Every structure is written in C-alpha cells, then in structure tokens.
Amino acid sequence: MLDIHRLRALHAVAVHGSISGAAAALGFTPSAVSQQVAKLERETRTALLDRHARHVTLTPAAEALAETARQVVALLEQAEAGLESQRRTPSGTLRLAAFPTACRSLVPGMLAELARRHDELDCRLVEADPSRALGLVTEGEADMAIVHDWHNVSLMVPSALATYEIGEDVGDVLVHEGHPMADRACLTLDDLVDVRWISHSPGAMCHSWLERTFADRGLLPDIAYYVEEFQSQIALVEAGVGAAVVPRLGRGPLPPGVRAIPLAPGPHRKIYAVWRRQTGSRPSIRAALALLRMPDGTASGSPAPG
C-alpha cells in the first residue's frame, strides 16, 4: 500500500516544480520532502525524480503517479470534510495561506481566537503572495487563502474557488518630510511624473498596479529601488531616496520623517478569502471566515456560508 504522506510530497513537488517549493507549501524542510520521495521511489522500485545540480524534474512515471496522488488527496479531503461537517464543530487541520501584510494584521488575531475557541482544530499558516496562494488552494495544498488585488489589476480566480470579501485597503503616497510635496493635502498622478519610486519586484501585484496606473496615462514610472517588504520601503522613504505607495493595512505608525499623502483618485485593493467550493461546508472554514475582520472591525462581504 502506497503511503499517503509520500504521495502528498510527490504531488507537492509536481505542483510547485521544486523540492523547496513543495517544502514551503507543506510546512516541511526540503530534506524531509526529499526523504519522503526517496522512500516512495524505494517502495515503487521506480525512479521518480531526475536530480540535477540545482533542480529536479519528474520522470514520466512520476508524472503519472503524481496525477493519481492528486486524485487520492482530493478524495481524502472530501472524506475529511464530510466527517468534520458531521461533527459540526471545527476540528482536524486547517491550512491557511496569506499575503505578508495580512499575516501581520488580519491573521494573528484570527488564529489566536480559533485556538481559544476550538481546541480540536490545528491551524497551519504559510506566507504567500496572492498568485501563489491561489495556486496552493486550487491544488489542495492549502484549505483557504487571504489574497488581494488592486482596483485596476485583478486576480483571475478559478471558478472552482469561492470568495468572501473582507474589505478594502487604501494606499497612500509616502514621501520624506523634506520633499517639496510633503505638505500637500492630496496628490494626483500629474504631480508624480518625475518621482523616483520604491516598489516591489516585477510580478508582484503592487508593482503591477504602479506600472499599470502610469501606463494608462502613457507614462512609465521611474522605479529605482526594488524592495519586497513595506517596512523596508518605508525605511528608504525615511532616508529620502524615493517615494512609495504603501497600503494602510499593517503599515503601523510611520517614522516622524515620513509623510503619508492621499492620492486622487485613491488607489485601493480588495482583500478577500478564497477556498474550494466543495469544502465550503467545513466548520473550520466557516469559523475562520466569521473571524476575519479589517482592523476597524468591519467586513464588507457576504456572511460566511451556512
């Protein structure tokens, strides 16, 4: 009998394309994932991975077995969801994925409250950008994700996923107190044509928003600094080397030398949870959705299912 944990490890490698990616999704070390796949190779007496210096590829036999693993994992998930629904109380494991600022602002309180109310529920969390988080949920590597998209850069949510809007997050332009526009009450894009920007790397939603916003005006933003963490972007603004658009969610108090100025029209991003439609009756998902609130205590979406 093939071991389900080893099949899940192979499935994760197939989904994420690497040992390290599979390890991050499963919450294991790369060494542990490698060991699981190696044991599966011994059990099946079949080579499953072509190991290269810096990456691995699946053999044809592994591709076929990974598809079987996907079906097995899906069936087990249905069985677990059915049992949890019968018990009518959150239990088992709830695997969450969330983007960085949600991990800092929305998730901690929710996890603490879930632990306090439901001692039979084991919550796990992985930090992931919205695109990767959608993939984790779609492929069954996460049960629910908290994602976002900007008003002019939408995420393509697969039809197999249900969504619940948590709220909207507004972004402000941050400049150094010595900047010529630091005392302005509001800014427009025309004011920002010559600004040197601090932004995320290409591929990130926030970077796409910045480029799309200026492209709609026939302009190209001068991005001089590519920095992934908002707190690091704020530090660069404080040093006076550039400006950044930073959302308010999870931003925290700004340093004394940094000014936040609204932009008109105001950039905003929608924040929402996603999960697979077939698992929407799980009490653990319903409990998590009921606790998701913006810092001001609001949730603008529909009530949690059921």
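Summed over region 115-138, the residues that are under 21 Å from residue 200 (Cα atoms) and in contact with a strand residue (DSSP E or B) (Cβ under 6 Å, 6 or more places away or on another chain) give a count of 4.
Name the residues in region 222-241 that are under 18 Å from residue 208 (Cα atoms) and in contact with a strand residue (DSSP E or B) (Cβ under 9 Å, 6 or more places away or on another chain), would you? Across region 222-241, the qualifying residues are 222, 223, 224, 225, 226, 227, 230, 233. Considering only region 67-123, state which residues are of a type in the set (Asp, Glu) and more than 22 Å from residue 250 (Cβ to Cβ). Hits for region 67-123 are 67, 77, 80, 84, 119, 120, 122. Could you say which residue among 237, 227 is of a type in the set (A, V, I, L, M, F, W, C) and either in contact with a Phe, Trp or Tyr (Cβ under 9 Å, 6 or more places away or on another chain) or more than 29 Å from residue 134 (Cα to Cα) (or both)? Checking each option against the conditions leaves just 237. Of all residues in region 78-85, at least one satisfies being open to solvent by 40 Å² or more (accessible area, probe 1.4 Å) and of a type in the set (Gly, Ala, Ser).
Residue count for region 1-18, restricted to those that are part of a helix (DSSP H, G or I) and either within 15 Å of residue 136 (Cα to Cα) or in contact with a Ser or Thr (Cβ under 6 Å, 6 or more places away or on another chain) (or both): 9.
Taking the numbered list (1) charged (D, E, K, R); (2) buried (at least 19 other Cβ atoms within 10 Å of the Cβ); (3) on the phi > 0 side of the Ramachandran plot in turn, residue 8 passes all entries but (3). Residues in region 11-35 that are out of contact with any strand residue (DSSP E or B) (no Cβ under 6 Å at 6 or more places or on another chain) and open to solvent by 60 Å² or more (accessible area, probe 1.4 Å): 20, 28, 29, 30, 31, 35. Screening region 273-296 for residues that are part of a strand (DSSP E or B) and open to solvent by 10 Å² or more (accessible area, probe 1.4 Å) and picking the one that is farthest from residue 145 (Cα to Cα) gives 276. From the list 131, 91, 105, the one residue that fits, being within 14 Å of the chain's Cα centre (by Cα), surrounded by 18 or more Cβ atoms within 10 Å (Cβ to Cβ) and not aliphatic (A, V, I, L, M), is 105. Among the residues of region 202-225, those identified as open to solvent by less than 40 Å² (accessible area, probe 1.4 Å) and without any contact (Cβ under 8 Å) to a residue 40 or more places away in the chain are 207, 210, 214, 221, 223, 224.
When 70, 54 are screened for being modelled with pLDDT under 90, out of contact with any strand residue (DSSP E or B) (no Cβ under 7 Å at 6 or more places or on another chain) and part of a loop (DSSP other than H, G, I, E, B), only 54 passes. Among the residues of region 19-30, at least one is assigned to a helix (DSSP H, G or I) and more than 30 Å from residue 149 (Cα to Cα). Looking only at region 164-191, which residues are touching a Leu at 6+ places or on another chain (Cβ under 8 Å) and surrounded by 14 or more Cβ atoms within 10 Å (Cβ to Cβ)? If the condition is that a residue be touching a Leu at 6+ places or on another chain (Cβ under 8 Å) and surrounded by 14 or more Cβ atoms within 10 Å (Cβ to Cβ), then 164, 166, 169, 171, 172, 173, 174, 181, 187, 189 are the ones that fit.
The values are calculated or read from the model by the stated rules, or taken from the named source; none is laboratory data. None of these values were measured; they are calculated from a predicted model. Glycine gets a Cβ as well: all are built from the backbone with ideal geometry, and neighbour counts include every protein chain shown. Areas reflect the complete protein model, heavy atoms only, side chains present, ligands, DNA and RNA absent. Shrake-Rupley method; radii C 1.70, N 1.55, O 1.52, S 1.80 Å.
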